[in-house]
Amino acid sequence: MNEKGILVVVSGFAGSGKGTLMKALLNQYENYALSVSATTRNPRPGEAEGREYFFKTTEQFEEMIRQGAFVEYAKYVNHYYGTPKAYVEEQLAAGKDVILEIEIQGALQIKEKFPETLLLFITPPSAEVLYQRLTGRGTEDQKTIALRMERAREEAEMIPRYDYLIVNDRLEVCTAQIHSIIQGEHARTIRKKELICTMKEDLVHFLEGER
Ligand code: 5GP
């Protein structure tokens, strides 16, 4: 029996290291599929169409919304971001655990639509480390860094809506922890309805055969 995959949503502050973590997870373990989102923001240097994102114009994005092509979408810092439906559905049906690396509004939409989604929140060990990571990138000015810190403070309010909080201190430890949480999730009784049914039927047949 091919068990359906788990939908896993991963969010975290800008600077939490969630992108690096997801790459490590996909490199180290099989059975994960990372969804590629569509966005209206411009590509950053080094980003490729279809790898980091599908880059769309606002008109194209809004047409996709009208066609119902997204599992969820949200506006974040003046741009649209959305998860295309087709890939997620195909991969889940094929038994893959599908990872969506998305921000909080999208995460909560997904949980509302699909309550069995696993929501993970990634945080650096402290505000100090977050600040250092943002400064260390060297790509943002002080004003942007201050805005990101302020946004992190707002986002921290929403952490209790997630199922797990993962502190990203050491990459290898954190990757292994995420993998084990997802594996544990597979064993939950709510995900084993078919197996429970079969087991009950088998027991009845077995007992009938015994008589
Ligand atoms: P960035 O522009 O830095 O790549 O992403 C900005 C934020 O948008 C990040 O928090 C990222 O996780 C989030 N994001 C990326 N793709 C999606 C998506 O498909 N839906 C939603 N709701 N957020 C997304």
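Quick look at the values:
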read-out: Spin-label pair L165/N42, simplified geometry with 7 Å Cα→Cβ offset, distance in nm; value: 3.8 nm
read-out: 20 Å cut-off, amide nitrogen to a point 7 angstrom out along K192 Cα→Cβ, residues in the stretch 90-114; value: 95-97
read-out: Using a Förster distance of 35 Å, the FRET efficiency for S126-V77 (Cβ separation, nearest 0.05); value: 0.90
read-out: Heavy-atom SASA rank of S11, S180 (probe 1.4 Å, accessible area, largest first); value: S180, S11
read-out: Cα gyration tensor shape for the stretch 145-204, rounded if a/c is under 1.5, else prolate or oblate; value: oblate
read-out: Accessible surface of Y53 - all protein chains present, 1.4 Å probe, nearest 10 Å²; value: 50 Å²
read-out: For the stretch 156-170, 3J(HN,Hα) per residue [Karplus equation, 6.51 cos²θ - 1.76 cosθ + 1.60, θ = phi - 60°, Hz, x = Gly/Pro]; value: 4, 4, 8, 3, x, 7, 8, 7, 9, 10, 10, 8, 8, 9, 10
read-out: Accessible surface of the stretch 66-180, 1.4 Å probe, proportion on carbon and sulfur as whole %; value: 53 percent
read-out: Solvent-accessible surface (1.4 angstrom probe) belonging to E90, in square angstrom, nearest 10; value: 110 Å²
read-out: Gap separating the Cα centres of the stretch 137-211 and the stretch 17-96, nearest whole Å; value: 19 Å
read-out: Solvent-accessible surface (1.4 angstrom probe) belonging to T189, in square angstrom, nearest 10; value: 100 Å²
read-out: Cα gyration tensor category, rounded, prolate or oblate, for the stretch 62-130 with a/c compared to 1.5; value: oblate
read-out: Most to least accessible of L119, L165 (protein chains only, probe 1.4 Å); value: L165, L119
read-out: Accessible-area order (highest first, 1.4 angstrom probe) of the listed residues C174, C197; value: C197, C174
read-out: Counting all C-alpha pairs of the chain, share separated by more than 27 Å (%); value: 38 percent
read-out: Computed over the chain: relative contact order in percent, which uses C-alpha pairs under 8 Å that are six or more apart; value: 28 percent
read-out: Cα shape, the stretch 127-178, gyration tensor, a/c 1.5 rule; value: oblate
read-out: Length gained when the stretch R151-S180 is fully extended (0.36 nm per residue, less Cα-Cα span); value: 7.5 nm
read-out: Backbone HN-Hα couplings from phi across the stretch 134-139 [Karplus 6.51/-1.76/1.60, Hz, Gly and Pro as x]; value: 5, 5, x, 4, x, 9
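The values are calculated or read from the model by the stated rules, or taken from the named source; none is laboratory data. All values derive from a computational prediction rather than experimental measurement. Ideal geometry is used to build each Cβ from the backbone, glycine not excepted, and the neighbour counts take in all protein chains shown. Ligands, DNA and RNA are stripped out before the accessible areas are found, and what is left, the full protein with its side chains, is counted by its heavy atoms. Shrake-Rupley method; radii C 1.70, N 1.55, O 1.52, S 1.80 Å.
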